[in-house]
Amino acid sequence: MGNTGYKSFANLELYYVDDGTSTGQPTKPNVVTDPDYIAPVLDTATCAPSIRYYSVEKNLSAKKNNCGNGYSGSIVTLTSLPSQFFSTISQADANAQADAWLAANVQTYANNHGTCELIYIPPTGGGGGTGCFVEGTLITLPDGSRKAIEELQLDQLLLSAEIETLIDTNNASELYKWSSAYLLESRIISPITKISKKLAYKTMIINEGLFEATPTHLQLIQRDGFWRFIPLGDILVGDNLYTIDSEIIPVTSVTINLEERNIYPLTLNPFHTYFANGILTHNYKQPENSES
């Protein structure tokens with residue numbers, strides 16, 4: 001271990017205080033709990049301390065690997081602080097101790113401190129079909145007023161939201177990869193670049209008429225503490241929605257409607273979010289040869 005510079009005493013011998021001679025009694029162990037215990041004393045002359053080498057700061061990362069099926073673990077970094085380990089041999093030996101400690105403990109640390117994020121798997125077939133809201137859905141304009149979706153025109157400006165952690169796109173496959181533990185957004189304005197009228201033979205009614213759209217419509221929801229975009233057909237009671245008043249409200253009912261409905265697919269650019277019946281949602285990417 002090397003010298004510390006302190007001299008310790010393993011045994012004690014009893015002496016007379018007047019002349020310093022031994023009493024002749026047997027020695028006894030120097031025990032910390034005894035009243036006559038003598039602590040180590042610093043004596044660098046006869047007990048010169050060894051040179052100590054202290055470890056530098058070291059970091060090692062690992063991915064949490066004890067999440068359940070359908071979840072992915074976050075990556076967590078464990079840190080060995082400066083001077084956490086020392087060596088009387090060399091600097092390299094001190095750093096090697098830090099490396100060994102990190103390797104032995106990083107996975108347990110990641111499992112205890114990491115988070116599990118839901119892995120969203122796009123529906124089979126890529127979520128084809130037309131996704132949009134039904135006739136009568138009220139879309140919010142930049143001044144806060146609302147207009148029925150069937151009354152909107154090409155190039156009309158809509159109130160949009162720029163989400164801090166999202167690189168916005170109307171590519172569904174890319175949107176499925178995004179998730180965030182928090183939702184921070186700022187209000188912006190985006191124009192309609194495409195809009196058309198189509199027929200739908202299956203729609204989803206959320207919260208007994210809060211809004212109604214096709215199953216392939218891309219909807220922002222919060223599930224298990226994470227925000228993400230999913231096809232409306234995958235929405236569940238207990239998911240949360242985000243309102244124009246920055247409130248989070250729960251999904252309380254999901255109903256399938258098989259009646260024929262007029263829908264109005266629309267595309268915005270450069271930002272792709274808008275508010276439908278006061279709920280933040282996402283636009284639909286129409287094919288390039290689609291009618292406007």
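Inside the stretch 1-22, can you point out the residues that are at pLDDT 85 or above and either in contact with a Cys (Cβ under 9 Å, 6 or more places away or on another chain) or β-branched (Val, Ile, Thr) (or both)?
Result: 21, single match.
Please verify whether residue 160 is among the hydroxyl-bearing types (Ser, Thr, Tyr), touching a His at 6+ places or on another chain (Cβ under 8 Å), in contact (Cβ under 8 Å) with a residue 24 or more places away in the chain and surrounded by 12 or more Cβ atoms within 10 Å (Cβ to Cβ), treating the condition exactly as stated.
Yes; evaluated as a whole, the condition is true for this residue.
Of the residues in the stretch 35-63, how many are at pLDDT 80 or above and in contact with a strand residue (DSSP E or B) (Cβ under 8 Å, 6 or more places away or on another chain)?
The total comes to 15.
So, in the stretch 236-249, of the ones that are in a loop (DSSP other than H, G, I, E, B) and of a type in the set (A, V, I, L, M, F, W, C), which residue ends up farthest from the chain's Cα centre (by Cα)?
244
Conditions (1) touching a helix residue (DSSP H, G or I) at 6+ places or on another chain (Cβ under 6 Å); (2) more than 18 Å from residue 131 (Cβ to Cβ), marked per residue:
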| site | (1), (2) |
| --- | --- |
| 226 | no, yes |
| 233 | no, no |
| 244 | no, yes |
| 247 | no, yes |
| 256 | no, no |
| 264 | yes, no |
| 268 | no, no |
| 274 | no, no |
| 280 | no, no |
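From the list 193, 169, 203, 165, which residue is in contact (Cβ under 8 Å) with a residue 12 or more places away in the chain, hydroxyl-bearing (Ser, Thr, Tyr) and touching a helix residue (DSSP H, G or I) at 6+ places or on another chain (Cβ under 7 Å)?
After applying the criteria, what remains is 169.
If a residue has to be among the hydroxyl-bearing types (Ser, Thr, Tyr), modelled with pLDDT of 95 or more and buried (at least 16 other Cβ atoms within 10 Å of the Cβ) to count, how many in the stretch 120-156 make the cut?
The total comes to 2.
Please specify each residue of the stretch 172-183 satisfying the condition of being surrounded by fewer than 18 Cβ atoms within 10 Å (Cβ to Cβ) and more than 22 Å from residue 74 (Cβ to Cβ).
The one that is surrounded by fewer than 18 Cβ atoms within 10 Å (Cβ to Cβ) and more than 22 Å from residue 74 (Cβ to Cβ): 173.
Is it true that some residue in the stretch 244-259 is crowded, with 19+ Cβ neighbours inside 10 Å, at pLDDT 95 or above and in contact with a strand residue (DSSP E or B) (Cβ under 6 Å, 6 or more places away or on another chain)?
Yes, the stretch 244-259 contains a residue that is crowded, with 19+ Cβ neighbours inside 10 Å, at pLDDT 95 or above and in contact with a strand residue (DSSP E or B) (Cβ under 6 Å, 6 or more places away or on another chain).
Of all residues in the stretch 209-235 being within 22 Å of the chain's Cα centre (by Cα) and part of a loop (DSSP other than H, G, I, E, B), which is farthest from residue 72 (Cα to Cα)?
Among residues in the stretch 209-235 that are within 22 Å of the chain's Cα centre (by Cα) and part of a loop (DSSP other than H, G, I, E, B), the one farthest from residue 72 (Cα to Cα) is 235.
Name the single residue, out of those in the stretch 189-204 being of a type outside the set (Lys, Arg) and not in a strand (DSSP E or B), that is surrounded by the fewest Cβ atoms within 10 Å (Cβ to Cβ).
Within the stretch 189-204, the match that is surrounded by the fewest Cβ atoms within 10 Å (Cβ to Cβ) is 201.
I'm trying to understand the selection: among the residues of the stretch 163-183, which are modelled with pLDDT of 90 or more and part of a strand (DSSP E or B)?
163 - this is the single residue of the stretch 163-183 that is modelled with pLDDT of 90 or more and part of a strand (DSSP E or B).
Since residue 186 meets every condition but one in (1) assigned to a loop (DSSP other than H, G, I, E, B); (2) surrounded by fewer than 15 Cβ atoms within 10 Å (Cβ to Cβ), which condition does it not meet?
(1)
The values are calculated or read from the model by the stated rules, or taken from the named source; none is laboratory data. Quick caveat: nothing in here was measured; it's all calculated off a predicted structure. In this analysis, Cβ positions are derived from the backbone assuming ideal geometry, glycine residues included, and neighbour counts consider all displayed protein chains.
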